[in-house]
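Asker: Please find one structure pasted underneath; my questions will follow.
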Amino acid sequence: MTTGVGTDWQSWQESWDRQQEWYMPDREGRFRIMLDMVEACVGPEPRVLDLACGTGSITARLLARFPNATSTGVDLDPALLTIARGTFEGDERVSFVTADLKDPRWTTGLPYDSYDAVLTATALHWLRNEPLAALYGQLAELVRYGGVFMNADHMIDDTTPRINAIERTRSQSRMEQAQKNGALDWAEWWQLAAQDPVLAAPTARRFEIYGDHADGDMPSPAWHARVLREKGFGEARAVWCSPSDTLLLALK
Ligand SMILES: C[S@@+](CC[C@H](N)C(=O)[O-])C[C@H]1O[C@@H](n2cnc3c(N)ncnc32)[C@H](O)[C@@H]1O
């Protein structure tokens, strides 16, 4: 998607979205509810931290719906951040920070010391429980009083092993069917990025940083809600769920 006339960032955004939707067909509805809850909690002009932003998927939807919002995207992946920076180049509402959320000093690179909303999707399952709990403590300090944190992600309730197994089988067969219809999976998407003249070098760096993928603990919605309360949020509970994913909201 890089040609002689430059890189078509929008095409990279769209192919990233299709690849993510292969795993989560409800992804777009999940973003919509996240933004409904942002508006309800902190209004239509929020200062947002797009945590583990990837290509800036949340930021793009935020600004399309709330043009007076501002967003800081944080991520560690040099290839996804290249797409994010290319997409929003020249947009003064948006800035990006390269940081590892497991580094206790990651907040020092942020342009603001407080946010109305911290939003994240399909990302924190990359962290183990201990660093995730530490991160939640830092988020409780970053979100202003009355502000909100939302995490949309895979959260596994291990008190329901049979239901979980049924859901895994259902999801697997849907994905196999979608792949027969031409959907790209994670590995195939990264192969495309590695072949692109602009993304090849940052893609090689991201594989040095992460390997293929980092696997965290994927704790239950109840774990997330409890730890968020223990770390300083006033209330926390799910505001949406699908058979595989939960959108958890914590209010400061
Ligand atoms: C599957 S992507 C999701 C991106 C985006 N939120 C979306 O929904 O399209 C997961 C993101 O989490 C980021 N991530 C994982 N662990 C991280 C860490 N320790 N520090 C910063 N970013 C991290 C990855 O680099 C990647 O961009």
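Asker: So if R0 is 41 Å, what FRET efficiency would GLU130 and GLN195 give, r being the distance between their Cβ atoms, rounded to the nearest 0.05?
Answerer: Details: r = 37 Å, r/R0 = 0.91.
Efficiency computed from Cβ-Cβ geometry: 0.65.
Asker: At 7 Å along the Cα-to-beta-carbon direction for both GLU230 and ALA64, put a label point, then send me their distance in nm to one decimal.
Answerer: Distance between label points: 3.8 nm.
Asker: With helices defined as uninterrupted DSSP H runs, which ones in the chain have an alpha carbon span along their own long axis of at least 20 Å and mean Kyte-Doolittle hydropathy of at least 0.0?
Answerer: Span-like helices here: 27-42.
Asker: Given H placed 1.01 Å from N in the peptide plane, which residues other than close sequence neighbours of ASP26 have an amide H under 5 Å from its amide H?
Answerer: Amide H neighbours of ASP26, under 5 Å, 5+ apart: none.
Asker: Quote to one decimal, in nm, the extra length available between GLU141 and ARG168 on full extension: 0.36 nm per residue of separation minus the C-alpha distance between them. Working shown, then result.
Answerer: Working: separation 27, 0.36 × 27 = 9.72 nm, distance 3.61 nm.
Taking GLU141 through ARG168 to full extension adds about 6.1 nm, to one decimal.
Asker: Let me ask something else about it. Under the √(5λ) rule applied to the eigenvalues of the Cα gyration tensor, what semi-axes describe the equivalent ellipsoid of the chain? Give them in Å, descending. Can you show the working numbers first?
Answerer: Working: eigenvalues 142, 114, 59 Å².
The equivalent ellipsoid of the chain has semi-axes of 27, 24, 17 Å.
Asker: I would also like to ask the following. Could I have the simple spin-label model distance between ASP217 and ASN181, label points 7 Å from Cα toward Cβ, reported in nm to one decimal?
Answerer: 3.7 nm
Asker: Leaving out ligands and nucleic acids, note down the accessible area per residue over the chain with a 1.4 angstrom probe, in whole Å².
Answerer: 47 Å²
Asker: I've got another one for you. Using +1 at the C-beta of Lys and Arg and -1 at the C-beta of Asp and Glu, which of PRO111, GLY146, TRP189 has the Cα lying farthest in the positive direction of the dipole of the stretch 111-196?
Answerer: TRP189
Asker: In addition: For the stretch 9-251, what % of the accessible area comes from carbon and sulfur atoms, probe 1.4 Å?
Answerer: Heavy-atom surface of the stretch 9-251 belonging to carbon and sulfur, 1.4 Å probe: 52 percent.
Asker: Where in the stretch 35-72 does the amide nitrogen come within less than 18 Å of the point 7 Å from the Cα of GLU28, taken along Cα to Cβ?
Answerer: It comes to 35-36, 56-66, nothing else.
The values are calculated or read from the model by the stated rules, or taken from the named source; none is laboratory data. All of these numbers come straight from a predicted model, not from anything done at the bench. So basically every Cβ, Gly included, is an ideal-geometry build from the backbone, and we count neighbours across all protein chains shown. Ligands, DNA and RNA are excluded from the accessible area calculation, which covers all protein heavy atoms including side chains. Shrake-Rupley method; radii C 1.70, N 1.55, O 1.52, S 1.80 Å.
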